[in-house]
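Enquirer: After the structure tokens below, expect a handful of questions from me.
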Amino acid sequence: MARALVNVPKEAKQGETVEIRAMIAHPMETGYRVGPNGINIPRDIIRRFACTYNGEEVFRADLHPAVSANPFFAFTLVALASGTIEFTWTDDAGATQTASAMITVS
């Protein structure tokens, strides 16, 4: 798939609300654009984005062809315990791209 960028604070206090950011470099082709050869460029979009915090899903989005290239998400969560925040993007073909980051809660 493509390159993913995630931004998670390295440290937080217990109960603190933190902002999480995630972006993936992806063309998000709708299947409606015509290429230079006069043939439609095949559809290739990311269909689903999900984020888990210590194995529990905290954010999910279903995407559609109208989403721009390089989808960017920003959302908040409450830091309860130290652990892993994992990000998963799934495309039309079922291929997935994952990224993860650790957060330390004191």
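Enquirer: Determine the pairs where a residue that is farther than 15 Å from Pro9 by Cα and among the aromatic types (Phe, Trp, Tyr), located within region 78-96, has a partner that is modelled with pLDDT under 95 and outside any strand (DSSP E or B) with Cβ atoms under 7 Å apart, the partner being 6 or more residues away or on another chain.
Expert: Hits for this filter: Trp89/Met1.
Enquirer: Kindly indicate whether Asp62 is free of Cβ contacts under 8 Å to residues at least 60 places away in the same chain and either among the small types (Gly, Ala, Ser) or farther than 15 Å from Pro27 by Cα (or both).
Expert: Values: free of Cβ contacts under 8 Å to residues at least 60 places away in the same chain: yes; either among the small types (Gly, Ala, Ser) or farther than 15 Å from Pro27 by Cα (or both): yes.
Considered against the rule, which asks whether it is free of Cβ contacts under 8 Å to residues at least 60 places away in the same chain and either among the small types (Gly, Ala, Ser) or farther than 15 Å from Pro27 by Cα (or both), Asp62 comes out as yes.
Enquirer: On to the next question. When residues of region 1-42 are filtered for being in a loop (DSSP other than H, G, I, E, B) and in contact (Cβ under 8 Å) with a residue 60 or more places away in the chain, how many remain? Show your work before the answer.
Expert: Of the residues in region 1-42, the ones in a loop (DSSP other than H, G, I, E, B) are 1-3, 8-10, 13-16, 25-28, 30-33, 35-39, 41-42.
Narrowing the set further to residues that are in contact (Cβ under 8 Å) with a residue 60 or more places away in the chain leaves 1-2, 8-10, 13-16, 26.
Within region 1-42, residues that are in a loop (DSSP other than H, G, I, E, B) and in contact (Cβ under 8 Å) with a residue 60 or more places away in the chain number 10.
Enquirer: Return the total of residues in region 59-98 being in contact with a Cys (Cβ under 8 Å, 6 or more places away or on another chain) and either among the basic types (Lys, Arg) or at pLDDT below 95 (or both).
Expert: Residues meeting the conditions: 1.
Enquirer: So is Glu19 surrounded by fewer than 12 Cβ atoms within 10 Å (Cβ to Cβ), among the charged types (D, E, K, R) and under 16 Å from the mean Cα position of the chain (by Cα) or not? Outline the logic, then answer.
Expert: Working: surrounded by fewer than 12 Cβ atoms within 10 Å (Cβ to Cβ): yes; among the charged types (D, E, K, R): yes; under 16 Å from the mean Cα position of the chain (by Cα): yes.
It is true that Glu19 is surrounded by fewer than 12 Cβ atoms within 10 Å (Cβ to Cβ), among the charged types (D, E, K, R) and under 16 Å from the mean Cα position of the chain (by Cα).
Enquirer: Continuing with this model, one more query. Mind listing whichever residues of region 28-42 are loosely packed, with under 14 Cβ neighbours inside 10 Å and either of a type outside the set (D, E, K, R) or modelled with pLDDT of 95 or more (or both)?
Expert: From region 28-42, those loosely packed, with under 14 Cβ neighbours inside 10 Å are 31-40, 42; that's our starting set.
Of everything in region 28-42, those that are loosely packed, with under 14 Cβ neighbours inside 10 Å and either of a type outside the set (D, E, K, R) or modelled with pLDDT of 95 or more (or both) turn out to be Gly31, Tyr32, Val34, Gly35, Pro36, Asn37, Gly38, Ile39, Asn40, Pro42.
The values are calculated or read from the model by the stated rules, or taken from the named source; none is laboratory data. Owing to the predicted nature of the structure, the values given are computational and were not obtained by experimental measurement. Quick reminder, even Gly has a Cβ in these numbers, built from the backbone with ideal geometry, and neighbours come from all protein chains shown.
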